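*Asks:* Next up is a structure, given as C-alpha cells.
The values are calculated or read from the model by the stated rules, or taken from the named source; none is laboratory data. Just so we're clear, the structure is a prediction, and the values are computed from it rather than from any experiment. Note that we place each Cβ from the backbone using ideal geometry, even for glycine, and neighbour counts take in every protein chain shown. Surface accessibility is based on the protein's heavy atoms, side chains included, excluding ligands, DNA and RNA. Shrake-Rupley method; radii C 1.70, N 1.55, O 1.52, S 1.80 Å.
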Amino acid sequence: MISRKLAALAKRCNLPFQGDKDITVRDITNNSREVKPGSLFIAICGYSDDGHEYINDAARRGACAVVVQKPCPDLAIPQILVSDSRKAQANLACEFFDNPSKELTMVGITGTNGKTTSTFLVDSILRTAGIRTGIIGTLYNKINGEILPTSHTTPDAIACQRLLRQMVNAGVTHVVMEVSSHALVMKRVDGVEFAVGAITNISPDHLDLHTDMDDYIRSKQLLFEMLPPSAWAVYNLDDMQATRVALRTKAQLFSYSSNQQAAAGLRLTRQHGLNPASATFAGEDIIISTKIQIPGQHNLQNCLLAAGACLCLGVDQPAIETGISQFKGIFRRYETIYDKDFRVIDDATHNPGNMDAVFSTLSQESPEGLIVVYAIRGNRGKEINSEIAATLRRWVTRLKPRKVIITACTDTASPLDQVQPEEEEVFQKKLARLDEQVVYSYKLRDAVELAVNLVRSNETILLLGAHPMDNVAQLFSNIIGEDVNTLPRPPQFGSAKTH
C-alpha cells in the first residue's frame, strides 16, 4: 500500500499547505464514494457536476484533507486551496504514484480517427519484438496479457497514474496510449513523459466540447507541446492540419506519407502485392516491406504511423514487418461479421472522417448492391450531426445504395447517447431530397431487421454508428439465427463509453 506524508506531497507539487506535518495520505480520489480513511479528496469543477458539493461526504467517509478551488467553511479537515484542481490533481497523482511514466517508454497517439487501430498496431509490433507492453485506450486497458475494462478513451489523471504504476510493477516496459482531445484539455496526461507523440489526422469531431475547429486543433497541439527535445513527434504529412499540430513541438520530427512525399520519415511505394515503405532514419536507408491484412487507405496510413513510431523507438525492421503483417484488425473497425450469401460490415463510424474512410474503402471494392444502416450520434449537438449528415448524403449520392436506414437506437442508447429532436431534424433536412432511398427507424433492432429483409444475394449491409451499436453484431446474429465471425470484444462490451 502506498502512503505519503501530506506536507511533503504538497511541497513537491508546490501547493500551499501549512497544517499537521504528520498527516498521512493513503490514497487519492476525486470520487467521494471511493473515499476511505486516509484518502486525499480532490474536488473537481466538472462540466456537469461539481466535486465541491461532495466535500462533506468525503470528510464523513474519512478523508484526511481536501483539495479545493472554492473554500469550504467550517470543514474540520485541512483544505488545500488551488486555482486549478485538475492541474493539482495531475501533479498530485504523478507524485503520489512516484512518477511511473519515468520508468516506462511511453507512446501517445492522438488525432481524430485511427487512434485505436494505430495503438494496437504499435502494440503488435512491440510484442513481436519481445517487449512487455501495456495499452491504455478506447477498447480496454492491457497490462501484459491481462485485459482490464475502461470507461474512457484516456482515464483521468489519478486512474492513469495508478494504472501506469501497476504496469511498472508487472514488468511492463513500453506503454501505448490513446490521447483524446478531452484528455488533453482536462489535463489527464499532464506529467506523463512521452518518448513518442504521434498524430493520425484531423477532421471535425467533439464539437460538443470544443467551441470550434480551431479550439479542437489547439487541444491536439497540447500533446506535442509536452514533448521534450529528446522525444519524437510522428505526424501524417498527408494531412495539413495534423502537420500543423505536430510542428508545435521541441521534439525531433518524423513524418510519414502514403503519397511518396515524406521528407524525414516513411515514404510509401507499391509493388508485387506488398507495401514497401522506404525511410531515411539516423543516416541509414531502410526498406520496410510487408503485407497488410486490414483494408483501406486510412489503415495504410495507420500502419505507416505504427512503423514510424517503432523506428523512433529503435525496434528492428523484421519485428516491424511481422507485427504489421500479423495484425488482423480490431473490434468494429471495418469488421466483416458475416460473408455468406451477402456480406455485413460493422464499423463504429461517428464523425465525417470515419464515414469518408469507410465509404472510400467500400467504393474500391465495388459492391454489387448496398444497404446502409446509420445510427445518429445522439447528444453530441446539431453541428457535428449536420456535418455527418452532409457527408452521408454525399456518399449516398455517389454510391446509390438501394436503401439508407437512419435509426435513433431508442432500444439500445444509454442516457448519454439519446438522440435529441434537433439532431434528428438535422438528418431529415440534409437527406430530404433522398426520400425514396431513406427511411427512419427509432429502434436499432427494427432497422437491422429491415436491412436483412431487404438485402439480396451478393449485396452488402453496412452497419454504421457509435456506442448504441456496440452490440449490433450479436443483434444481427439473433435476427438471422446464425453465429457471426467477430474479432475479440472489449471486456466492457455493450456499455456506454465517454472520452
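*Asks:* Within region 471-499, can you find the residues that are under 30 Å from Y216 (Cβ atoms), open to solvent by less than 20 Å² (accessible area, probe 1.4 Å) and either part of a helix (DSSP H, G or I) or at pLDDT 90 or above (or both)?
*Replies:* V472
*Asks:* Now for a different question. From the list T460, T412, T397, pick out the single residue that is among the polar types (S, T, N, Q), surrounded by 19 or more Cβ atoms within 10 Å (Cβ to Cβ), under 16 Å from V372 (Cβ atoms) and touching a residue at least 12 places away in the same chain (Cβ under 8 Å).
*Replies:* Of T460, T412, T397, the one residue that is among the polar types (S, T, N, Q), surrounded by 19 or more Cβ atoms within 10 Å (Cβ to Cβ), under 16 Å from V372 (Cβ atoms) and touching a residue at least 12 places away in the same chain (Cβ under 8 Å) is T460.
*Asks:* I'm checking my understanding of the structure. Among residues of region 27-84 that are among the polar types (S, T, N, Q) and over 33 Å from the mean Cα position of the chain (by Cα), which one is least open to solvent (accessible area, probe 1.4 Å)?
*Replies:* Selected residue: Q79.
*Asks:* Here is a list: A242, A279, A264. Which entry is of a type in the set (G, A, S) and in contact (Cβ under 8 Å) with a residue 40 or more places away in the chain?
*Replies:* Result: A242 is the single residue among A242, A279, A264 that is of a type in the set (G, A, S) and in contact (Cβ under 8 Å) with a residue 40 or more places away in the chain.
*Asks:* Separate question: Let me spell it out: the conditions are (1) modelled with pLDDT under 95; (2) not basic (K, R); (3) not in a helix (DSSP H, G or I), and G353 meets all of them except one. Which number is the exception?
*Replies:* That leaves (3) as the condition not met.
*Asks:* Scan region 294-304 and give yes if some residue there is part of a loop (DSSP other than H, G, I, E, B) and either without any contact (Cβ under 8 Å) to a residue 60 or more places away in the chain or of a type in the set (D, E, K, R) (or both), otherwise no.
*Replies:* Checked region 294-304: no residue is part of a loop (DSSP other than H, G, I, E, B) and either without any contact (Cβ under 8 Å) to a residue 60 or more places away in the chain or of a type in the set (D, E, K, R) (or both).
*Asks:* Please state which of the following conditions I287 fails to meet, knowing it meets all the rest: (1) modelled with pLDDT of 80 or more; (2) open to solvent by 30 Å² or more (accessible area, probe 1.4 Å); (3) over 21 Å from K115 (Cβ atoms); (4) in a loop (DSSP other than H, G, I, E, B).
*Replies:* Among (1) modelled with pLDDT of 80 or more; (2) open to solvent by 30 Å² or more (accessible area, probe 1.4 Å); (3) over 21 Å from K115 (Cβ atoms); (4) in a loop (DSSP other than H, G, I, E, B), I287 violates only (4).
*Asks:* May I ask you to verify whether T322 is touching a helix residue (DSSP H, G or I) at 6+ places or on another chain (Cβ under 6 Å) and surrounded by fewer than 21 Cβ atoms within 10 Å (Cβ to Cβ)?
*Replies:* On the way: touching a helix residue (DSSP H, G or I) at 6+ places or on another chain (Cβ under 6 Å): yes; surrounded by fewer than 21 Cβ atoms within 10 Å (Cβ to Cβ): yes.
Judged against the criteria, T322 is a match.
*Asks:* When the residues of region 235-278 are filtered to those that are open to solvent by 20 Å² or more (accessible area, probe 1.4 Å), of a type in the set (A, V, I, L, M, F, W, C) and in a strand (DSSP E or B), which remaining residue is modelled with the highest pLDDT?
*Replies:* Among those residues, the one meeting the criterion is L253.
*Asks:* Scan region 98-111 for residues that are surrounded by fewer than 24 Cβ atoms within 10 Å (Cβ to Cβ) and part of a loop (DSSP other than H, G, I, E, B) and jot them down.
*Replies:* D98, N99, L104
*Asks:* Oh, and also: Inside region 132-175, can you point out the residues that are at pLDDT below 95, of a type in the set (V, I, T) and open to solvent by less than 50 Å² (accessible area, probe 1.4 Å)?
*Replies:* Hits for region 132-175 are T138, T150, T153, T154.
*Asks:* Which helices (runs of 4 or more DSSP H) sit wholly inside region 124-234 and have at least 3 residues that are more than 15 Å from the chain's Cα centre (by Cα) and among the polar types (S, T, N, Q)?
*Replies:* Correct list: 157-169.
*Asks:* Of these, I388, I371, I330, which one is of a type outside the set (K, R) and part of a loop (DSSP other than H, G, I, E, B)? Full working, then the answer.
*Replies:* Details: I388 fails: part of a loop (DSSP other than H, G, I, E, B); I371 fails: part of a loop (DSSP other than H, G, I, E, B).
Among I388, I371, I330, only I330 is of a type outside the set (K, R) and part of a loop (DSSP other than H, G, I, E, B).
*Asks:* Which of (1) open to solvent by 20 Å² or more (accessible area, probe 1.4 Å); (2) closer than 15 Å to Y374 by Cβ; (3) not aliphatic (A, V, I, L, M) is the odd one out, the single condition E449 does not satisfy?
*Replies:* Going through (1) open to solvent by 20 Å² or more (accessible area, probe 1.4 Å); (2) closer than 15 Å to Y374 by Cβ; (3) not aliphatic (A, V, I, L, M) one by one, E449 breaks only (2).
*Asks:* Identify the residue in region 103-122 that is within 22 Å of G145 (Cα to Cα) and not β-branched (V, I, T) and, among all such residues, is nearest to the chain's Cα centre (by Cα).
*Replies:* Only one residue tops the list, namely K115.
*Asks:* Going by what's in this entry, would L362 be described as in a helix (DSSP H, G or I), open to solvent by less than 60 Å² (accessible area, probe 1.4 Å) and under 25 Å from F342 (Cβ atoms)?
*Replies:* Here the answer is yes, as L362 does meet what is asked.
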